[in-house]
Amino acid sequence: MAEREVHMPDNSGLQPANIQGLDIRSTPRSEMSLEPLDTFEYEFAGRRIWIDFEIPEFTAICPFSDFPDFAVIRLSYVPNERCIELKSLKLYINSFRNVKIFHEHVVNVVMEDFVAACDPLEVRIEGDFHVRGNIKTVVRAEYTKSGSPNA
């Protein structure tokens, strides 16, 4: 059987975004009004532990349809000198309910805010979004602090 040659387009040959002309209205980052993440001192700094959270009731708004998107957010991290306070994490996650945001952007926004709040050694975030229009989306991101043992 002959092998097929696959031609990958270079970035300069990408088609324009939104060729369907859909009405996309994402919430600008400056208007998201997300609750702040609060922290407390990790008394065992230097002792590596993993802390895992599963957040099964995440909701945000689809920028295309204005319908809610549902997901399970899984967040695991190794604290450095500070830990995330759970009530603030709950309020922060729940504040996405009125935000119009793409699945891929949810994970990146949570990652940015989490790292800024507690400066962890490592973080893994997964957004496991429910099936929508016959497609299931899972988005993952990882962060390792520069200079940490696993960097």
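The values are calculated or read from the model by the stated rules, or taken from the named source; none is laboratory data. Keep in mind that what you see is a predicted model, and the values were worked out from it rather than measured. We place every Cβ from the backbone using ideal geometry, glycine too, and count neighbours over all the protein chains shown.
Exactly one residue among Ser88, Ser65, Ser76 is surrounded by 10 or more Cβ atoms within 10 Å (Cβ to Cβ) and at pLDDT below 95, and that residue is Ser65. Restricting Phe129, Phe114 to residues that are touching a residue at least 60 places away in the same chain (Cβ under 8 Å) and part of a helix (DSSP H, G or I) narrows the list to Phe114.
Residues checked against (1) in a loop (DSSP other than H, G, I, E, B); (2) under 26 Å from Pro79 (Cβ atoms); (3) aromatic (Phe, Trp, Tyr):
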{"site": "Leu22", "(1), (2), (3)": "yes, no, no"}
{"site": "Ser26", "(1), (2), (3)": "yes, no, no"}
{"site": "Leu34", "(1), (2), (3)": "yes, yes, no"}
{"site": "Leu37", "(1), (2), (3)": "yes, yes, no"}
{"site": "Glu43", "(1), (2), (3)": "yes, yes, no"}
{"site": "Phe53", "(1), (2), (3)": "no, yes, yes"}
{"site": "Glu57", "(1), (2), (3)": "no, yes, no"}
{"site": "Ala60", "(1), (2), (3)": "no, no, no"}
{"site": "Pro63", "(1), (2), (3)": "yes, no, no"}
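In summary, Thr137 fulfils each of the numbered conditions (1) farther than 27 Å from Ala45 by Cβ; (2) surrounded by fewer than 13 Cβ atoms within 10 Å (Cβ to Cβ) with the single exception of condition (2).
If only residues of the stretch 65-78 that are part of a strand (DSSP E or B) and among the aromatic types (Phe, Trp, Tyr) are counted, the one that is nearest to Val115 (Cα to Cα) is Tyr77.
Selection of the stretch 79-94 for residues being part of a helix (DSSP H, G or I) and either in contact (Cβ under 8 Å) with a residue 60 or more places away in the chain or more than 17 Å from Tyr42 (Cα to Cα) (or both) yields Lys90, Leu91, Tyr92, Ile93, Asn94. Selection of the stretch 92-121 for residues being hydrophobic (A, V, I, L, M, F, W, C) and closer than 16 Å to Val72 by Cα yields Ile93, Phe96, Ile101, Phe102, Val106, Val107, Val109, Val110, Met111.
Quick one: in the stretch 47-78, of everything that is among the charged types (D, E, K, R) and free of Cβ contacts under 8 Å to residues at least 60 places away in the same chain, which residue is nearest to Gly21 (Cα to Cα)? Selected residue: Asp66.
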